[in-house]
1. Answer yes or no as to whether residue 218 is part of a strand (DSSP E or B) and within 21 Å of the chain's Cα centre (by Cα).
2. Consider only pairs whose beta carbons are under 6 Å apart and that are at least six residues apart or on different chains; among these, list those whose first residue lies in segment 1-21 and is over 30 Å from residue 60 (Cα atoms) and within 16 Å of the ligand (Cβ to nearest atom) and whose second residue is among the acidic types (Asp, Glu) and not in a loop (DSSP other than H, G, I, E, B).
3. Of everything in segment 36-49, what is in contact (Cβ under 8 Å) with a residue 40 or more places away in the chain, out of contact with any Gly (no Cβ under 9 Å at 6 or more places or on another chain) and away from the ligand (no atom under 12 Å from the Cβ)? Give them in sequence order.
4. For the structure I just gave you, tell me whether residue 70 is within 18 Å of residue 179 (Cβ to Cβ), surrounded by 21 or more Cβ atoms within 10 Å (Cβ to Cβ) and modelled with pLDDT of 95 or more.
5. Is it true that some residue in segment 104-114 is in contact (Cβ under 8 Å) with a residue 12 or more places away in the chain, within 20 Å of the chain's Cα centre (by Cα) and on the phi < 0 side of the Ramachandran plot?
6. Kindly indicate the residue of segment 75-100 that is surrounded by 13 or more Cβ atoms within 10 Å (Cβ to Cβ) and out of contact with any helix residue (DSSP H, G or I) (no Cβ under 9 Å at 6 or more places or on another chain) and also farthest from residue 16 (Cα to Cα) among those meeting that condition.
7. Select from segment 170-189 the residues that are touching a residue at least 24 places away in the same chain (Cβ under 8 Å), more than 15 Å from the chain's Cα centre (by Cα) and farther than 22 Å from residue 74 by Cβ and write down the one among them that is nearest to the ligand (Cβ to nearest atom).
Amino acid sequence: MTTFSHYRGRFAPTPSGPLHFGSLVAALGSYLDARAVGGQWLVRIEDIDPPRCPPGTDTTILRQLEAFGLHWDGPIVWQSARSDAYQAALERLRQQGLSYPCSCSRKQWQTHPIYPGWCRDGLREPGKPIAWRLRTDLGQRPIIWPDRLLGAQRFDPADLGDVVLKRKDGLWAYQLAVVVDDADQHISDIVRGVDLLDNTPWQMQLQGALGYPVPRYLHLPLVMSPDGQKLSKQNLAPALASEPVAIARQLFQAIETLDQAPPVELKGAAPAEQLAWAVAHWRVERIAPARERPAPDAYQEER
Ligand code: GLU
């Protein structure tokens with residue numbers, strides 16, 4: 001595994017809605033992990049799916065990060081401007097026989113648990129719109145890595161299926177975009193929610209195929225709503241607080257959610273002060289590896 005000489009982390013939100021408490025925990029975890037070792041922390045806006053990203057949401061997210069004191073390094077990258085890089089990567093995969101066009105619709109293979117690879121050896125229905133898929137059976141497998149929180153992980157990407165890299169509507173898929181951008185931005189450490197754990201094997205297979213270095217991974221517990229669902233924009237998690245007293249309270253709760261045991265005196269302190277404490281005291285080993293965390297009580301009050 002390639003080692004990086006400098007720590008460089010990132011927070012990579014999809015601007016489909018404002019940040020909520022769950023995204024704050026992910027942003028904070030990656031920020032603290034970077035700053036605790038004097039590393040850089042970048043922000044990348046993952047706006048590859050314009051119909052899902054209302055205009056202006058990227059700006060809302062950046063203002064939210066600033067309000068919580070989460071200041072980033074360097075220029076922000078917008079995935080919507082990176083099409084050429086993704087196309088070049090797809091072309092390299094195609095030349096190696098690791099990606100292929102696919103005309104199948106989901107409906108056609110809906111009785112199968114994963115896409116059965118029907119177009120691997122040629123389009124089933126030439127002339128129909130095509131997506132591009134990854135040939136998971138030919139790449140590196142199994143994929144094994146030591147997650148910094150969850151320990152040894154082992155997956156066979158072929159069991160997960162030939163994931164789409166470019167959609168039929170011409171939009172880029174997350175799996176390819178994230179790998180190309182993390183490599184181009186020299187990201188050494190990926191800290192994100194455990195909901196993306198089973199995406200990592202595809203991403204690592206792609207890194208291998210494209211000759212990219214493999215970053216370290218740390219998958220954080222997910223914050224669950226009182227009704228037992230992952231906090232997400234889809235299930236209408238409320239946006240983060242926007243006034244100072246509530247911001248201070250939510251930031252404290254996010255530090256607590258990451259099991260960093262902040263002292264009560266810190267409650268209500270300005271974000272800069274809370275973050276300075278949390279950076280100085282950040283310990284990944286404190287995070288209980290349980291995959292789920294309840295949302296704090298105040299979150300329920302604010303619903
Ligand atoms: N854009 C993804 C999301 O908002 C995160 C991608 C990542 O951290 O790899 O869920």
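The values are calculated or read from the model by the stated rules, or taken from the named source; none is laboratory data. Only a predicted model underlies this, so the values are computations on that prediction, with no experimental measurement involved. Heads up, the Cβs are rebuilt from the backbone with ideal geometry, glycines too, and the neighbour counts pull from every protein chain shown.
1. On the way: part of a strand (DSSP E or B): yes; within 21 Å of the chain's Cα centre (by Cα): yes.
Yes.
2. Pairs found: none.
3. We begin by selecting, within segment 36-49, every residue in contact (Cβ under 8 Å) with a residue 40 or more places away in the chain; these are 36, 39, 42, 44, 46, 48-49.
Cutting the leftovers down to out of contact with any Gly (no Cβ under 9 Å at 6 or more places or on another chain) gives us 36, 44, 46, 48-49.
Passing the criteria: only 36.
4. Values: within 18 Å of residue 179 (Cβ to Cβ): no; surrounded by 21 or more Cβ atoms within 10 Å (Cβ to Cβ): yes; modelled with pLDDT of 95 or more: yes.
No; evaluated as a whole, the condition is false for this residue.
5. No, segment 104-114 contains no residue that is in contact (Cβ under 8 Å) with a residue 12 or more places away in the chain, within 20 Å of the chain's Cα centre (by Cα) and on the phi < 0 side of the Ramachandran plot.
6. The residue in question is 94.
7. Step one: of segment 170-189, the residues touching a residue at least 24 places away in the same chain (Cβ under 8 Å) are 171-189.
Subset that is more than 15 Å from the chain's Cα centre (by Cα): 171-172, 184, 186.
Going one step further and asking which of them are farther than 22 Å from residue 74 by Cβ, we end up with 171-172.
Numbers: 171: 14, 172: 12 Å.
For segment 170-189, the residue satisfying everything is 172.
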